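Novice: There's a structure below that I have some questions on.
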Amino acid sequence: MADYYVNDNIQSNGDHEVHKENCYWLSFVLNKTYLGNHSTCHSAIKEAKKTYPQSNGCYFCSNECHTQ
Ligand SMILES: [Zn+2]
């Protein structure tokens, strides 16, 4: 289980990236929303999509949930 966060700011492609608590890139995220404690990134993405329909897993920490 891990805590997940979604970036409140969009990437250049319009995605809101979802990160695990220990992701290196999360330290650069200025505004984030806590998504809860999840066993996989899939349920974290599902939660993020309630707020931001265009959510995507971080390439580095949630690669299995990352889509192009
Ligand atoms: Zn990440």
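Every read-out reported here was derived from the displayed coordinates using simple, explicitly stated rules and does not represent laboratory data. On a predicted model such as this, the values are computed, not experimentally measured, just so you know. Note that we place each Cβ from the backbone using ideal geometry, even for glycine, and neighbour counts take in every protein chain shown.
Novice: State all residues of the range 9-21 that are surrounded by fewer than 19 Cβ atoms within 10 Å (Cβ to Cβ) and under 12 Å from the mean Cα position of the chain (by Cα); if no residue qualifies, say none. First the steps, then the outcome.
Specialist: Kept after step one, since they are surrounded by fewer than 19 Cβ atoms within 10 Å (Cβ to Cβ), are these residues of the range 9-21: 9-15, 21.
Within the range 9-21, ASN9, ILE10, GLN11, ASP15, GLU21 meet the criteria.
Novice: If you go through the range 1-49 one residue at a time, how many are assigned to a helix (DSSP H, G or I), touching a strand residue (DSSP E or B) at 6+ places or on another chain (Cβ under 8 Å) and not hydrophobic (A, V, I, L, M, F, W, C)?
Specialist: Pass one, the range 1-49, residues assigned to a helix (DSSP H, G or I): 24-28, 41-49.
Subset that is touching a strand residue (DSSP E or B) at 6+ places or on another chain (Cβ under 8 Å): 25-26, 41, 44-45, 47-49.
Filter once more, so that each one left must be not hydrophobic (A, V, I, L, M, F, W, C): 47, 49.
Of the residues in the range 1-49, 2 are assigned to a helix (DSSP H, G or I), touching a strand residue (DSSP E or B) at 6+ places or on another chain (Cβ under 8 Å) and not hydrophobic (A, V, I, L, M, F, W, C).
Novice: Between a residue in the range 47-68 that is under 15 Å from SER12 (Cβ atoms) and away from the ligand (no atom under 16 Å from the Cβ) and any residue that is in a loop (DSSP other than H, G, I, E, B) and β-branched (Val, Ile, Thr), which pairs come within a Cβ distance under 9 Å, given they are 6 or more apart or on different chains?
Specialist: What qualifies is GLN54/ILE10.
Novice: Anything in the range 22-68 that is among the charged types (D, E, K, R) and either closer than 13 Å to VAL6 by Cα or surrounded by 13 or more Cβ atoms within 10 Å (Cβ to Cβ) (or both)? List them, or say none. Steps first, please.
Specialist: Taking the range 22-68 first, the residues among the charged types (D, E, K, R) are 32, 46-47, 49-50, 64.
LYS32, LYS46, GLU47, LYS49, LYS50 - these are the residues of the range 22-68 that are among the charged types (D, E, K, R) and either closer than 13 Å to VAL6 by Cα or surrounded by 13 or more Cβ atoms within 10 Å (Cβ to Cβ) (or both).
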